[in-house]
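Everything below concerns the one structure shown next.
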Amino acid sequence: MEIKTHLQKVLESGIFAVTAEIEPPKNADPEVIREKARWLKGYVDAVNITDSPRATVKMSSLASAVILIQEGIEPVMHITCRDRNRIAIQSDLLGASALGIKNVLCLTGDYISLGNHPQAKPVFDLDSIQLLSLVKKLCEGKFFNGEEIKGKRPYFFIGAVENPFADPLEFRPIRLAKKIKAGAKFIQTQIVYNLERFKKFINLCEEMGILERVYILAGITPPKSSKMLKYMKKNKVPGIEIPDEIIKRMESAKDEKEEGINIAVEIIERVREIPGIKGVHIMAIGWESIVPEIVKRAKLCSRPEL
C-alpha cells in the first residue's frame with residue numbers, strides 16, 4: 001500500500017502549500033543542517049535539500065535528507081543527472097526509499113564548468129525528463145531497463161522544476177507538459193520577480209490544460225540587497241528576470257533586508273491570487289532563518305497536520 005507524503009496530502013487537500021530549501025554544508029557537519037531545520041520546523045510542509053548545487057561539492061542530498069527526517073521534517077531530496085549514470089541513480093533512489101525519503105525533485109543539474117571541480121567528467125547519462133520517467137518506472141515496480149523489481153518497490157511523490165523566464169516563452173509550457181507526461185506530480189518554479197511574465201506563462205499553461213494535471217509552486221527568494229539583484233541581472237543568471245523597479249525599490253530602502261522581506265511577502269500575496277498556483281517554494285539562500293518571518297507576514301504560518 002502506497003503511503004502518501006505529507007506534502008502530497010497538503011496539495012491534494014487544496015491547502016496552499018509552503019516549502020523551503022536548505023543547501024547542505026561544504027563539510028561533514030550535520031549540525032549545520034540540524035540548526036537550519038529547527039528554524040524551519042512548523043513553518044513549512046516540506047524542505048528541499050539540494051544536490052551539490054552549482055556543481056560545487058556539498059554533503060550529499062541523500063544523507064542530508066535523512067538528517068531532516070531525524071529532525072522531524074519531511075525532505076524533498078534533489079537528484080541530478082550530472083554526476084551519476086542510470087545505475088547509480090536507481091541505486092540511490094532505492095536506498096532513499098529504504099531510509100524513508102518519499103519526495104524527490106528531478107533535475108538535470110548545473111554544468112561542471114560552474115563549480116569547484118571544473119576538471120571533473122560530467123555524466124549526464126539522462127536528462128531531467130528521462131530521470132522523471134526512471135523514477136516513475138521504479139514506482140511502478142520496474143527498473144529503467146524494464147526488469148521487474150522483485151520485492152518491495154519504492155514509492156515517491158515526484159517533482160520537477162520549470163523556468164517560466166527562459167526564452168522562448170511559448171516553449172516552456174510544452175516542456176512542462178513533457179515533464180508531467182514523464183511522471184512529475186508537482187513543479188517548483190524558478191524565482192519569481194517578474195510577475196507579468198509569470199502570469200503569461202501560467203495563462204499559456206491553462207490554455208494547454210496543464211494546470212489541472214500538476215501542482216505548481218512558485219519560487220520565492222527574498223533579496224538581501226540591491227547589490228545581489230544587480231549582480232544577478234548584470235550576469236544574466238539563467239532563468240531570473242529582475243524588473244528595474246524592484247532594484248530601485250531596494251536601492252531607496254532605509255533597510256534593504258527589511259525591504260527584501262516585504263518584496264517576498266508581496267510576491268507571495270500576488271501569486272496566491274493566480275489561478276493554478278498551489279503553493280510557494282521559498283529559497284532564502286544562505287538566509288534560511290528569515291523564512292519563519294516571511295511565512296508569518298504572508299499569513300501562511302498555520303501549517304496543517306494531515
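Just so it is clear, none of the values below were taken in a lab; they were calculated from the coordinates. As the structure is a prediction and not an experimental result, all values here were calculated from the model. Here the Cβ positions follow ideal geometry from the backbone for every residue, glycine too, while neighbour counts run over all protein chains shown.
Using the average count of surrounding beta-carbon atoms within 10 Å as a protection proxy, the listed peptides 99-108, 51-60, 229-238, 22-31 rank, highest first, as 99-108, 51-60, 22-31, 229-238.
About the centre of its Cα atoms, the chain shows a dipole size close to 340 debye [charges on the beta carbon of Lys, Arg (+1) and Asp, Glu (-1) only; nearest 20 debye]. Only helices enter this figure: runs of n ≥ 4 DSSP H residues, each worth -39500 (n - 2.57), summed and divided by the residues of the chain, yield -12000 deg cm²/dmol at 222 nm to the nearest 500. Normalising the Debye intensity of the chain to I(0), with uniform scatterers on Cα atoms only, and taking log10 at q = 0.09, 0.12, 0.13, 0.16 Å⁻¹ returns -0.43, -0.79, -0.94, -1.49.
Available extension along the chain between Lys9 and Lys230 is 75.7 nm, counting 0.36 nm per residue and deducting the alpha carbon span. For the peptides 70-81, 254-265, the ranking by mean Cβ contacts within 10 Å, running from highest to lowest, is 70-81, 254-265. A crude spin-label estimate for the pair Asp255 and Ser113, with each label 7 Å from Cα along the Cβ direction, gives 4.3 nm.
Pairs exceeding 25 Å between alpha-carbon atoms, taken from Lys4/Lys278; Lys102/Lys178; Lys36/Lys185: Lys36/Lys185. Stokes-Einstein diffusion of region 98-215 at 10 °C, 1.306 mPa s viscosity, Kirkwood radius from Cα pairs, rounded to a whole number: 100 µm²/s.
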